[in-house]
1. Evaluate the Kirkwood expression for the hydrodynamic radius of the chain, namely the inverse of the mean inverse distance over all pairs of different C-alpha atoms, and round to one decimal in Å.
2. Mind jotting down the distance between the C-alpha centroids of region 120-158 and region 86-113, whole Å?
3. How big is the shadow of the Cα convex hull of region 111-186, averaged over all directions, in nm²?
Amino acid sequence: MRKPVIAGNWKMHMTCAEARKYMADLVPLLNKSVEDRHIVLAPAFTALSTLAEVVKGSPIELSSQNVHWEDQGAFTAEVSPKMLLEHQVKYAIVGHSEPRKYFSESDEQINLRARSAQAHDLIPIVCVGESNDQRERGEAERVIRRQVEQGLEDILPEKVVVAYEPIWAIGTGKTCDSFEANRICGLIRKWVDYPDLIVQYGGSVKPGNIDEIMSMTDIDGVLVGGASLDPESFARIINYQVI
């Protein structure tokens with residue numbers, strides 16, 4: 001049975017002090033029923049150590065926002081799997097559209113990051129998704145399939161999460177129609193050929209649409225950006241009820 005993964009990606013937000021305050025506000029808002037789902041937070045690297053202490057005894061697990069494919073070396077501004085494990089990190093986001101766009105990350109590099117994560121018992125959250133231009137040209141499925149096939153090469157499907165994040169829906173307020181998102185998530189699972197593959201949806205996920213999104217048969221969780229920065233908002237997303 002596929003266990004949903006509800007993940008919040010804080011991006012470049014939250015100091016350590018702010019992270020502590022956030023957690024103090026969030027945890028009391030969580031329902032007991034959340035035991036049937038994974039809850040993940042991906043803070044900035046500077047807050048990982050702080051949150052590693054704060055989340056003890058809570059249902060919340062930690063993710064990094066990226067990971068390098070080497071254990072150490074001359075890789076300025078990167079972070080290694082061994083460094084993350086020291087802070088009780090369990091997941092690592094790779095291939096997010098922002099590093100793809102701003103730092104020209106290739107599918108080959110993303111695959112190296114994902115393989116490195118798995119080799120160190122981290123679970124990679126591999127992000128895939130098309131731009132608005134690609135969707136309008138009818139290229140969405142081709143683009144996503146390429147990202148999936150190249151990004152997940154030599155990856156164990158039972159130890160990975162795939163996040164479908166249409167680029168045009170990230171931080172824009174636009175949300176992919178739930179049935180279309182469900183269709184794409186189902187295609188991703190079919191292409192990987194592993195029925196228990198966990199596939200999330202990400203892109204302007206909000207308290208107002210989470211119940212509908214999570215009622216879809218092929219969506220196994222969400223990767224949340226802006227709405228995860230407010231504890232009340234993220235608690236409502238975590239506490240979703242399937243309609």
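1. Mean inverse Cα-Cα distance, inverted, gives 17.8 Å.
2. 12 Å
3. Computed as one quarter of the Cα hull surface, the answer is 5.4 nm².
Quick note: the coordinates plus some simple rules give every number you see, no bench work behind them. Worth saying up front: this structure is predicted, and the values here are computed from it rather than measured.
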